[in-house]
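Chemist: My questions all concern the structure below.
The values are calculated or read from the model by the stated rules, or taken from the named source; none is laboratory data. Predicted model only: the values in this text are computed from it and were never measured. Don't worry about glycine lacking a Cβ; one is built from the backbone with ideal geometry, like all the others, and counts go over all protein chains shown.
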């Protein structure tokens, strides 16, 4: 992305967003002050407001940066795995890998950055909630389509299974932040897949 002028010079937007992303990821939306952000990004407050419109605008720009970089594994899995069982396996195992990456604060930015907010920032939490719910809905749709195609058995209730997987993935994010290892989360993935039972006409792993 091209640089944006600030402080009499251009600053690299992607690099600045990376630093903002890490700050929000580490401290959460409300725990990250504008002064923390400008210090991390190497810019002054007027430049931040000029480029992003304020803290909220910067936060969602950082969310988009996350989805295009470190958090892109989920979108890629949905795009590349039409088989719902294989999709679930990939989501769980990719989460185990990415959530425990020691080069970042751990877990998922979209899951952890606005778990608890004051009423003034409720809209922030609501937007992130909608993003998480959208993935659960997409998984339920994929399961439903696979049932209709005879790939999955009718016993797989789409909404219930998708909700179950959503709970597991969100729990994996928190466990990663609490220090769970990749192998521990891979074990969670294995146990989750086993709990779903055998899948006719499909190989989950």
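Chemist: Of the numbered conditions (1) modelled with pLDDT under 95; (2) part of a helix (DSSP H, G or I), residue 40 satisfies every one except a single condition; which is it?
Modeler: Here residue 40 clears every test but (1).
Chemist: When the range 44-69 is examined, which residues are found to be assigned to a helix (DSSP H, G or I), farther than 19 Å from residue 121 by Cα and out of contact with any strand residue (DSSP E or B) (no Cβ under 9 Å at 6 or more places or on another chain)?
Modeler: 45, 65, 66, 67, 68 - these are the residues of the range 44-69 that are assigned to a helix (DSSP H, G or I), farther than 19 Å from residue 121 by Cα and out of contact with any strand residue (DSSP E or B) (no Cβ under 9 Å at 6 or more places or on another chain).
Chemist: Going residue by residue through the range 76-96, is there one that turns out to be more than 11 Å from the chain's Cα centre (by Cα), surrounded by 22 or more Cβ atoms within 10 Å (Cβ to Cβ) and not in a helix (DSSP H, G or I)?
Modeler: No, the range 76-96 contains no residue that is more than 11 Å from the chain's Cα centre (by Cα), surrounded by 22 or more Cβ atoms within 10 Å (Cβ to Cβ) and not in a helix (DSSP H, G or I).
Chemist: What are the pairs, 6+ residues apart or on separate chains, where a residue within the range 162-188 that is assigned by TED's automatic domain parsing to the domain that holds residue 98 has its Cβ under 6 Å from a residue that is not in a helix (DSSP H, G or I)?
Modeler: The qualifying pairs are 173/107; 173/108; 176/100; 176/106; 176/107; 177/106; 177/107; 182/100.
Chemist: Can you give me the number of residues within the range 134-166 that are closer than 25 Å to residue 76 by Cβ, in contact with a helix residue (DSSP H, G or I) (Cβ under 9 Å, 6 or more places away or on another chain) and loosely packed, with under 12 Cβ neighbours inside 10 Å?
Modeler: Selection size over the range 134-166: 0.
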